[in-house]
Amino acid sequence: MKIEHFAFNVADPTGMADWYTKHCGMRVVRHFPVPSQTHFLADSGSTVMEIYNNPADQVPDYRNMDPLLFHVALASSDPDGDAKRLIAAGAVYVDEFKMPDGSHLIMLRDPWGLALQLCKRAHNLI
């Protein structure tokens with residue numbers, strides 16, 4: 001088996017979908033406007049994330065979660081340049097790590113507080 005998608009409840013799925021498509025190179029591959037504004041966003045490969053708003057349950061307080069508890073990791077060939085661009089678009093800088101193997105990781109928060117990790121790996125994970 002392989003992952004079909006991962007999903008999370010957010011306060012503003014439409015605004016987030018617009019931001020991720022405009023600034024992170026994702027595209028909306030499916031959208032269900034009623035009742036939860038569900039958006040399926042795909043990267044340039046086969047990874048899909050679902051964002052939606054389900055008022056029957058609480059939206060997690062992403063802004064106050066430690067980024068190591070939950071984050072979305074995006075591959076980046078230029079983490080410094082991408083971080084500057086995303087910060088100009090409303091993201092917030094959190095931290096940066098240069099790993100012993102040469103990997104470079106920058107942690108940000110998107111405008112809604114969701115943690116984003118920009119990853120330039122020295123060696124591919126798979």
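The values are calculated or read from the model by the stated rules, or taken from the named source; none is laboratory data. Just so it is clear, the structure is predicted and the values come from calculations on it, not from any experiment. Cβ sites come from the backbone with ideal geometry, for glycine too, and all protein chains shown count toward neighbours.
Figure legend. Inter-residue proximity from segment 92-106: first residues touching a residue at least 24 places away in the same chain (Cβ under 8 Å) and more than 11 Å from Lys120 (Cβ to Cβ), second residues assigned to a strand (DSSP E or B) and basic (Lys, Arg), beta-carbon distance below 7 Å, spacing 6+ or different chains. Indicated pairs: Val94/Arg109.
Counting only residues that are surrounded by 15 or more Cβ atoms within 10 Å (Cβ to Cβ) and of a type in the set (S, T, N, Q), segment 60-88 holds 1 of them. Only one of the numbered conditions (1) in the same structural domain as Lys2 (by TED's automatic domain parsing); (2) surrounded by 17 or more Cβ atoms within 10 Å (Cβ to Cβ); (3) closer than 25 Å to Lys2 by Cα is violated by Ala115, and that is (1). Asp57 passes every criterion in (1) over 20 Å from Ile106 (Cα atoms); (2) surrounded by 18 or more Cβ atoms within 10 Å (Cβ to Cβ) apart from (2). Given the structure, is Leu86 aliphatic (A, V, I, L, M), touching a residue at least 24 places away in the same chain (Cβ under 8 Å) and farther than 30 Å from Val34 by Cβ? Taking the combined requirement at face value, the residue satisfies it. Could you list, in sequence order, the residues of segment 14-49 that are in a helix (DSSP H, G or I) and not acidic (Asp, Glu)? Selection gives Thr14, Gly15, Met16, Ala17, Trp19, Tyr20, Thr21, Lys22, His23.
When each of Phe40, Phe32 is tested for being surrounded by fewer than 14 Cβ atoms within 10 Å (Cβ to Cβ), under 29 Å from Met1 (Cβ atoms) and touching a strand residue (DSSP E or B) at 6+ places or on another chain (Cβ under 7 Å), the lone residue that passes is Phe32.
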